[in-house]
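Q: Supplied in structure tokens, the structure appears directly below.
The values are calculated or read from the model by the stated rules, or taken from the named source; none is laboratory data. This one's a predicted model, so the numbers in the text were calculated from it and none came from an experiment. Note that we place each Cβ from the backbone using ideal geometry, even for glycine, and neighbour counts take in every protein chain shown. What goes into the accessible areas is simple: the full protein's heavy atoms, side chains included, and nothing from ligands, DNA or RNA. Shrake-Rupley method; radii C 1.70, N 1.55, O 1.52, S 1.80 Å.
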Amino acid sequence: MNPKSSLIFILIFCLTGIWEPVFGQKFILLQRGSNQKSRLKYEIGEEFIYKTRGSDFFIYERIKDITPEVIVLTENLLLPEDIAEVFILHKDPRNSTIGNLGYLGMGGGLIFLLGSTVNSLYQNGDLSEVSNSWAWPVGLFAGGFLLSKMKYKKFRNQGKNKIQLVILYGD
């Protein structure tokens, strides 16, 4: 396809109305209290893992549409007040920071153990000094592991936590 024909194709494509600009935005907003930094935004097409009031299991669905009253999912219509919990382990950006800090602690423990082992072998020719300093690397590794398990997993719809359906329209 030469440049002239591709330009004509793009011009026809835009003039026929097949491509229409989007002027509105719809999303679900999960917020913990009044802290705006802890907001999570779910848009149309994203996966939504939730638990309704009275059920003991999570349901995995995709968001099809959001109206001012209900969330339209692939299989259900859902009112925000019917949601008991939302599974946010993979959605919350703070989890990557917590995970990275945990990996930093575990890596520090392994490097400390490796360094003390190499140092003991180089200076003494045996592993006598490693037995004296094993608590530090084990403590660093265990601390990093415990920190990595402290990720935010669930958003509970109770107390100051709130779920809002936001529909913004442009010009």
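Q: Which members of the range 51-73 meet the condition of being out of contact with any helix residue (DSSP H, G or I) (no Cβ under 9 Å at 6 or more places or on another chain) and open to solvent by less than 60 Å² (accessible area, probe 1.4 Å)?
A: Matches in the range 51-73: Lys51, Ser55, Ile59, Glu61, Ile63, Asp65, Ile66, Thr67, Val72, Leu73.
Q: I'm trying to understand the selection: among the residues of the range 119-133, which are loosely packed, with under 13 Cβ neighbours inside 10 Å and either outside any loop (DSSP other than H, G, I, E, B) or of a type in the set (D, E, K, R) (or both)?
A: Tyr122, Gln123, Asn124, Asp126
Q: Sort out which residues of the range 134-158 are among the aromatic types (Phe, Trp, Tyr), open to solvent by 50 Å² or more (accessible area, probe 1.4 Å) and within 30 Å of Ile83 (Cβ to Cβ), and write them in order of number.
A: Across the range 134-158, the qualifying residue is only Tyr152.
Q: For the range 85-103, indicate whether the set of residues that are modelled with pLDDT of 90 or more and over 26 Å from Gln36 (Cα atoms) is non-empty.
A: Within the range 85-103 (the criterion being modelled with pLDDT of 90 or more and over 26 Å from Gln36 (Cα atoms)), the answer is yes, since at least one residue qualifies.
Q: Give me a count of the residues in the range 18-48 that are open to solvent by 60 Å² or more (accessible area, probe 1.4 Å), within 14 Å of the chain's Cα centre (by Cα) and at pLDDT below 85.
A: Total satisfying the criteria: 1.
Q: Test of understanding: among Ser96, Ser116, which residue is free of Cβ contacts under 8 Å to residues at least 40 places away in the same chain, crowded, with 16+ Cβ neighbours inside 10 Å and not in a loop (DSSP other than H, G, I, E, B)?
A: Exactly one of Ser96, Ser116 is free of Cβ contacts under 8 Å to residues at least 40 places away in the same chain, crowded, with 16+ Cβ neighbours inside 10 Å and not in a loop (DSSP other than H, G, I, E, B), namely Ser116.
Q: Would you pick out the residues in the range 140-171 that are in a helix (DSSP H, G or I) and touching a helix residue (DSSP H, G or I) at 6+ places or on another chain (Cβ under 7 Å)?
A: Listed by number, the residues that qualify are Leu140, Phe141, Gly143, Gly144, Phe145, Leu147, Ser148.
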